[in-house]
Every structure is written in structure tokens, then in C-alpha cells.
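First the structure, in the form of C-alpha cells, and then the observations on it.
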Amino acid sequence: MNTREAVSQRIINLCKEQGITPNALSYRAGVPQSTIKSILNNETQNAGIVTIKKLCDGFEISLYDFFDTDTFRTLEQEIK
């Protein structure tokens, strides 16, 4: 799994945990639906930390909580 896939999967999991749809997240976070769709479909090269922070605000969690998962802890370094 690469970083983009990990971010996408984390958003999907948080939506499920909180019982919201990506569209509801869009409203709560103030992030366009098209941006969330691009992230979830791995169409964007870099979601950007500002966008991820807004999503965290929509989920009412910190950036630390977003990235504090086994998936992110075990990601391989992508720069070779």
C-alpha cells in the first residue's frame, strides 16, 4: 500500500466509524466533493496537508489521530 492508498483508506474507515458519507464529510469539512472523490479514487497525486487538516476538522479529530494507525506506521519510504 502506498501513501495515497493509505490516506484514502483512512478516510473511508473514518466515514464508516462515524456513520457519515463522503458527501456529508465534504459539508462538515468545507472541502469540495470533487476533491474528496479524487482522493478516494486515488486520482490526486497529493491530497495536501491543508486538505487533510480540514478533513480532520470535519471528523473532529487531530492530525495525529488521523495518522496514528498501524497502516501509516508501517508504510515503506517512497523516495528511493
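The values are calculated or read from the model by the stated rules, or taken from the named source; none is laboratory data. Here the structure is a predicted model, which is why all the values come from computation and not from measurement. Virtual Cβ from ideal backbone geometry, glycine too; neighbours counted across all protein chains shown. Surface accessibility is based on the protein's heavy atoms, side chains included, excluding ligands, DNA and RNA. Shrake-Rupley method; radii C 1.70, N 1.55, O 1.52, S 1.80 Å.
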Selection from region 63-80 of residues within 26 Å of GLN33 (Cβ to Cβ) and open to solvent by less than 50 Å² (accessible area, probe 1.4 Å) yields PHE66, THR69, PHE72
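In region 11-25, which residues are open to solvent by less than 40 Å² (accessible area, probe 1.4 Å) and either touching a residue at least 12 places away in the same chain (Cβ under 8 Å) or assigned to a loop (DSSP other than H, G, I, E, B) (or both)? I'd like the intermediate steps shown before the answer.
The first filter runs over region 11-25 and keeps only residues open to solvent by less than 40 Å² (accessible area, probe 1.4 Å), leaving 11, 14-15, 20, 24-25.
Across region 11-25, the qualifying residues are ILE11, LEU14, ILE20, LEU25.
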- So SER8, is it of a type in the set (S, T, N, Q), in a helix (DSSP H, G or I) and open to solvent by less than 40 Å² (accessible area, probe 1.4 Å): yes
